[in-house]
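Laboratory data are not the source of any read-out in this text; all were calculated from the coordinates shown. As the structure is a computational prediction, the values presented were derived from the model and not from experiment. Cβ placement follows ideal geometry from the backbone for every residue including glycine, while neighbour counts extend to all protein chains displayed.
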Amino acid sequence: MADNKKQIWQFPWRYSESILVVFGLMVVGFALQLTIGKFDFSLLADPVNVKLGSAIIVFLVLFSFVRNTQFYQWFSGVPFSVSLISALLILGIAMGLIPQMVKLDPHAHDFWTLLGLRQVTSCWAFVLIYFVTLLSLGSLIIRRLIKFNWRDYAFYLNHIGLWILLFASGLGAADIKRYVMHVMEGETEWRVYSDNDDVLDLPIAIQLNDFVMEEYPPKLTIIDRESGEAQPIDKPDYYQIDEKNPIGKIGIWDVAVEEYIHEAVRNSDSTYTAVPMPGSTPAALITAKNRETGDVKKGWVCGGSLAQLYMMLPLTDEYAMVMTQTEPKRFMSDIDVFTEEGESTHAQLEVNKPLKIGNWMIYQYSYDSTAGKASSYSSFELVYDPWLYPVYFGIILFALGSICLMWSGNKKKGVKNDVE
Amino acid sequence: MTWSEYLWFAIPAIICWLSAAGIVYISNKKNLANALMILGTIIFGAFIVGLWIGQERPPLRTIGETRLWYSFFLATIGFVTYRHWKYDWMLSFSAVVATVFACVNIFKPEIHSTNLMPALQSYWFVPHVTVYILSYAMFGAAVIAAFIQLSRLNKGKEDAQLYAFIDNIVYVGFGFLILGMLMGAVWAKEAWGHYWSWDPKETWAFITAAAYLVFIHMRLQQYHKRFVLWMIPIAFILLMFTWIGVNYLPAAQGSIHVYSN
């Protein structure tokens, strides 16, 4: 209970001082927000972030020469770090409860907007706390590195990994560029639109050789012929077409798929033939039997597409069986990518399978969803992030640190002095 | 092999798992519990391998298929964790949760064929979710222990062993939590173009991690014991919010983590 005897601001500083300092930082942050507006991350764009990053490291090294002072001990110690983490926790909750805006309404003057809490990551309070956390964590790491001990490997992995991750992701944020490029099949494109709808020339060109889309077999359902709504309205019943399991039930109807054609084209006599081509759609020959009346209906159903009409199977005057629109299973663009240096790369892009070229990553982004697999273009997202390698290095260290936590838990001194 | 053979593997596996979950509490039958747990996991794993061969693709494309992996990895990692830390409840927990996932595939067979959207078809999906489930188990156990310790604290009879248990379980759970988060970040870079977008689910995961960090760091010193112990249930509520509550938040409309239609 020595805590109570010491005056506030008298060293050693503990929670009271730490909380007050962090509270002060937040007040300064909100004051800045109210007076000069949000923190503009683009100010940090290269080369400012490199200089600032170097300055932080130089500062941390110089600062470590006074590591035996009580101020340094406090700045790199537990109460201050807990207070900083708590501040991030509180700002995080604000971010999690108040809907965050990508672009602010310039006419919005409500309380949350003025305090910057609709864009917490560019709010001065958040930026200041982040910055001081980087310094506090950095000075702790240096203090412990000077007294290096192999047995603290988990400490080093976790703290250094986190520090690198925070450092590279925060300072690098300003250098990230993201564009969407639309490329017609058979053509080459290097222009994108910026956020302000200006046309930009990128140092990367993409040639789209082919766009391929695979679809899941569609579902069958029963609709009201008048309203078109799937029945029953509160919880529509579907049967997923599955060639290995062609018998199903929808409501009071037993359904049997007699024939299923995944890429079908309609014949003049309203039957279907398999023709693999962009405009084809799934079609199925269905027998439906009403379990209550014994009524049997048989006929083709087809969900239709831009290229051909849908076909339904009337069951009664009121209801009909229809096929749903297909859902994409996989879409793939076969592309060639050319860089300014004259290099070219061939790739097949899919969701979850991007292509990395230098500091650029190219993603399968979208396609003409109304045309589905007949889409005449494919869209790509191009992301430029020169800080990705340090971020991944931080992630790897931090991940190794968490494996240490899982394996070693909290095996240290502890047990006895806890209850004293 | 197809889903029609599922019952022949699922039921024996479930019997093995549930028996192990009970027998582990009989002190001289630990080896039997180990053997049953391993046997159940092998039987269940054999079905996954069979399905993989039968379908000529890794079973990762439907919700039913991912559920197979949850069961398999929960049983496997849960067993390894139990062997390492010797917490009997860990074996029971992972056996029971693995059984629950296996049963969903028996009783709701229509979800075998509920298709996954392309963004979810990734090798990261299953490990990302599995390690989170295991961290929930650890943190859940920590909540119970924290309440016991709080009531002891009120009587002035703290238990050093219990403190050691709480610290350990929170460290292990935090390791799982961070691993899940980092795997999510790497996956997000592959699928969405950025490793951290402050999507509402990510924001709440950040909040949860921060709350456990407060606990872990405050435990390094001896101050404010009651507050520190209360951090565990508070952090757990935040964790539940991250898991379930986010879907109902106005701030989360349009979140990329909300997949239901």
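Figures for the structure shown
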item	result
Convex hull of Cα atoms in the protein assembly as shown, direction-averaged projection (nm²)	37.4
Ellipticity estimate at 222 nm from DSSP helix runs (n ≥ 4, -39,500 (n - 2.57)) divided over chain A, nearest 500	-10500 deg cm²/dmol
Distance from region A:188-203 to region A:116-167 (C-alpha centre basis), Å	37
Packing-based ranking, highest mean first, of A:396-408, A:17-29 given that Cβ atoms within 10 Å are counted	A:396-408, A:17-29
As computed over region A:30-84, the Cα convex hull volume per residue (Å³)	116
Kirkwood-based shape ratio for region B:1-149, expressed as Rg/Rh from alpha carbons	1.00
Residue-by-residue Karplus 3J(HN,Hα) for region B:44-55, coefficients 6.51, -1.76, 1.60, Hz, glycine and proline x	5, x, 4, 5, 4, 4, x, 5, 4, 5, x, 8
Sorted by Cβ density within 10 Å, fewest first, the residues A:327, A:381, B:202, A:258	A:258, A:327, A:381, B:202
Amide H contacts of residue A:300 (H built 1.01 Å from N, under 5 Å, at least 5 apart or other chain)	A:286
Charged-residue dipole, Cβ positions (Lys, Arg, Asp, Glu), chain B about Cα centre, Debye nearest 20	700
Helical mean residue ellipticity (222 nm; -39500 (n - 2.57) per DSSP H run of 4+; nearest 500) of chain B	-25500 deg cm²/dmol
For residue A:319, residues with placed amide H under 5 Å, excluding near neighbours	A:225
Rg/Rh for chain B, where both radii come from Cα atoms and Rh is the Kirkwood radius	1.00
Region A:84-115 versus region A:377-408: alpha-carbon centroid distance in Å	26
Residue-by-residue Karplus 3J(HN,Hα) for region A:395-406, coefficients 6.51, -1.76, 1.60, Hz, glycine and proline x	4, 5, 4, 5, 5, 5, x, 6, 5, 4, 4, 5
Derived scalar couplings ³J(HN,Hα) [region A:300-306; Karplus, 6.51 cos²θ - 1.76 cosθ + 1.60; whole Hz; x for Gly, Pro]	8, 10, 7, x, x, 7, 4
Nonlocal amide H pairs with residue A:259, under 5 Å, H built at 1.01 Å	A:285
Charge tally in the Cβ shell below 11 Å around residue A:316, where Lys, Arg are +1 and Asp, Glu are -1, residue A:316 excluded	-2
Residue mean of other protein chain beta carbons inside 10 Å, B:158-166	4
Between region B:32-53 and region A:316-370, the alpha-carbon center distance in angstrom	37
Protection proxy ranking, peptides A:191-204, B:145-158, average beta carbon neighbours within 10 Å, highest first	B:145-158, A:191-204
Net charge contributed by nearby residues that have their C-beta within less than 12 Å of residue A:298 (K/R +1, D/E -1)	-1
